[in-house]
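These notes concern the structure reproduced below.
The values are calculated or read from the model by the stated rules, or taken from the named source; none is laboratory data. Please read all numbers here as calculations on a predicted model, not as lab measurements. FYI the Cβ positions are ideal-geometry reconstructions off the backbone, even for glycines, and counts take in every protein chain you see. Areas reflect the complete protein model, heavy atoms only, side chains present, ligands, DNA and RNA absent. Shrake-Rupley method; radii C 1.70, N 1.55, O 1.52, S 1.80 Å.
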Amino acid sequence: MKKIGFIGIGKLGLDCAEVMAEKHEVRGYDICPRSSNLVKVCDIDELVNESEWIFIAVPTPHAEGYDGAAPSSHLEPQDFGYDAVIDAIDKINTHARGSKKVVLISTVLPGTTRREFVPRLLTKHQFLYNPYLIAMGSVKWDMVNPEMIMIGTKDGNPNALAGELRELYDTVMQNNPRYEIGTWDECEAIKIFYNTFISAKIGLVNMIQDFAMRIGHINVDTVTHALAQSTMRIMGPKYMTAGMGDAGACHPRDNIALRWLAKEYNIGYDLFDTVMHAREMQAKNLAQFLVDQSRANNLPIVIHGKAYKPDVEYCIGSYSTLVGFYIKQSGLPVVYVDPLADDRNEVVSSVDDPAVFLWAHNRKITYAYTGNQTDTQPYCDIAVGSIIVDPWRQLPNHDDVSVIHYGNTR
Ligand SMILES: NC(=O)c1ccc[n+]([C@@H]2O[C@H](COP(=O)([O-])OP(=O)(O)OC[C@H]3O[C@@H](n4cnc5c(N)ncnc54)[C@H](O)[C@@H]3O)[C@@H](O)[C@H]2O)c1
């Protein structure tokens, strides 16, 4: 039996504390009066000093008018408020006579823990970020049957402190949950992007509903049911590897055409504009990264793969050429290597000197779903002293060539 304290026993904290109290000795503290048959509500000094683990479940509120119950998309974006978390940390610092394991479960934006909370907590304590995927109305059931448990630590080490928290959770969980252990920042990101993925998904299916209402002869359920059964590409892990952007003869132009349809049927918004704008800015950001590498190392830029994907010749809708466009826009030249590309403009057959390569093609990721696991083989010799920027983060490091895994900043 462990000694556990909850600071903040509101809608989330109280139910979670009561679940823990079935197996452990649990205390709760709140700035508002609270009561419970299972949790001992006490003052902050007792809570801090009688608990080995201290869970913080205080609010991280949005500003007035930012809950989404009334139009908010015109408002200036704002971060959540972290005053209550800071207050809880200060209270732990003030009252704790020994060292504590502090676990924050409130929702915060990626980067907040490392920037705001950890520098504040006295170094004798340890800090974990452990957000919950819990919905109102089923808090207790959700807590012991979660889709996953996220445990964030300074370096993402799965053993040590994260392992201890995992052992604690194993005493109350009912569904043998999946544990996702990462850095504080990664767990902040998993939590918030989990929620916003859901918003994006609902936004898409409701858009089909809007089109159904305007175009006629469409039952939205027929469409979404067919999409929901599409486990080969849409539902499931496919396209969940960040890398080069959406490309080819169909997808970009379909989005571009749907911008027209959204206007034609006056649905009042243009999700495709946002999707296409994001695709372009992502290409521009990648181009800027290549340009920075090129300037810093005084090396030319080569894009390895010009066709929109490996094994085909088609350059139509290619994301490689979109990245190339932005490289040229920043004033640097670019060439491509690709034995198949049907557009030979700026394509070279060999690269004799060191260069910054963008590893645009990855056969394995593109074709794994067909069972074909062959890796992309280099289309040319890679000279000693080159830099490979791998947006798929698959290439191993090499003695003669430095490999940068774009998207991994651990
Ligand atoms: N409610 C949910 O379903 C849910 C699910 C996942 C995550 N979260 C997150 O958990 C956090 C808490 O949410 P909630 O719904 O329980 O909020 P809540 O407002 O219901 O509860 C927070 C509690 O903290 C107390 N409190 C405020 N400031 C305090 C302080 N300085 N010291 C001690 N106690 C203080 C409040 O009096 C209140 O009882 C938020 O970050 C929220 O985003 C909530």
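Would any residue of the stretch 326-359 have its amide N under 16 Å from a label point 7 Å out along Cα→Cβ of Ala296? List them or say none. Only 355-358 fall inside the zone, counting backbone N under 16 Å. Given 20 °C and 1.002 mPa s, how large is the Stokes-Einstein diffusion coefficient of the stretch 1-60 in µm²/s, with Rh as the Kirkwood radius over Cα pairs? Answer, rounded: 197 µm²/s. Spin-label pair Arg120-Thr231: with each label point 7 Å from Cα along the Cα-Cβ axis, the two points sit 4.6 nm from one another. Backbone phi angles across the stretch 66-75, fed through the Karplus curve with coefficients 6.51, -1.76 and 1.60 (θ = phi - 60°), yield HN-Hα couplings of 10, 8, x, 6, 9, x, 9, 5, 8, 7 Hz in residue order; Gly and Pro are listed as x.
Ranked by the mean number of other Cβ atoms within 10 Å of their residues, highest first, the peptides 351-359, 57-65, 97-105 come out as 351-359, 97-105, 57-65.
Could you give the alpha-carbon Rg of the stretch 89-200 over 2.2 N^0.38 Å, rounded to two decimals?
The stretch 89-200 yields a ratio of 1.08.
Using a Debye calculation, one point per C-alpha and no hydration shell, please list log10 I(q)/I(0) for the stretch 87-144 at q = 0.28, 0.31 Å⁻¹ in order. Scattering profile of the stretch 87-144, log10 relative to I(0): -1.13, -1.30. Accessible area per residue for the stretch 1-59 is 45 Å², calculated with a 1.4 Å probe on protein heavy atoms, without ligands, DNA or RNA. Using C-alpha pairs under 8 Å with a sequence gap of at least 6, the mean separation divided by the residue count of the chain gives a relative contact order of 9 percent. No solvent, one uniform scatterer per C-alpha: report log10 I(q)/I(0) for the stretch 314-404 via the Debye equation at q = 0.15, 0.24 1/Å, two decimals. Reported log10 I(q)/I(0), two decimals: -0.64, -1.50. Measuring between alpha carbons in the structure, the pairs from Lys23/Lys140; Lys11/Lys201; Lys11/Lys140; Lys154/Lys364 lying more than 21 angstrom apart are Lys11/Lys201; Lys154/Lys364. So how far, in whole Å, is the C-alpha centre of the stretch 125-172 from the one of the stretch 38-68? Value for the Cα centre distance between the two parts: 16 Å.
A Stokes-Einstein calculation at 25 °C with viscosity 0.890 mPa s, built on the Kirkwood radius of the stretch 250-332 over Cα pairs, returns a diffusion coefficient of 171 µm²/s. Extending 7 Å from Cα along the Cβ direction at Lys201 and again at Asn266 yields two label points whose distance is 3.4 nm. Applying a DSSP loop filter and a limit of 11 other Cβ atoms within 10 Å to the trypsin sites (Lys or Arg not before Pro) in the stretch 183-235 leaves Arg233.
Legend: P(r) of the chain from all alpha carbon pair distances, 20 Å bins from 0, whole percents, reading 21, 44, 31, 3. Probing with 1.4 Å while keeping every protein chain in the model, the per residue accessible area of the stretch 160-264 equals 63 Å². Solvent-accessible area per residue in the stretch 300-410 equals 50 Å², computed with a 1.4 angstrom probe and all protein chains kept. So, in Å, what gap is there between the alpha-carbon centers of the stretch 78-92 and the stretch 255-285? First find each Cα centre; the distance between them is then 38 Å. Computed over Cα pairs, the Kirkwood radius of the stretch 1-145 leads via Stokes-Einstein (0.692 mPa s, 37 °C) to a diffusion coefficient of 206 µm² per second. Within the accessible area of the chain, the carbon and sulfur atoms contribute 53%, probe 1.4 Å, all protein chains present.
The loop-placed GluC sites (Glu not before Pro) in the stretch 130-190, going by DSSP, that have at most 16 neighbouring Cβ atoms within 10 Å of their Cβ come out as Glu147. Over all directions, the projected convex hull of the C-alpha atoms in the stretch 140-247 averages 9.9 nm² in area.
Extent along the principal axes, Cα only, for the stretch 162-201: 35, 23, 10 Å, with the longest axis given first. Treat each spin label as a single point 7 Å out from the Cα along the C-beta direction, and report the Ser138 to Phe193 distance in nm. Here the answer is 2.5 nm between the modelled labels.
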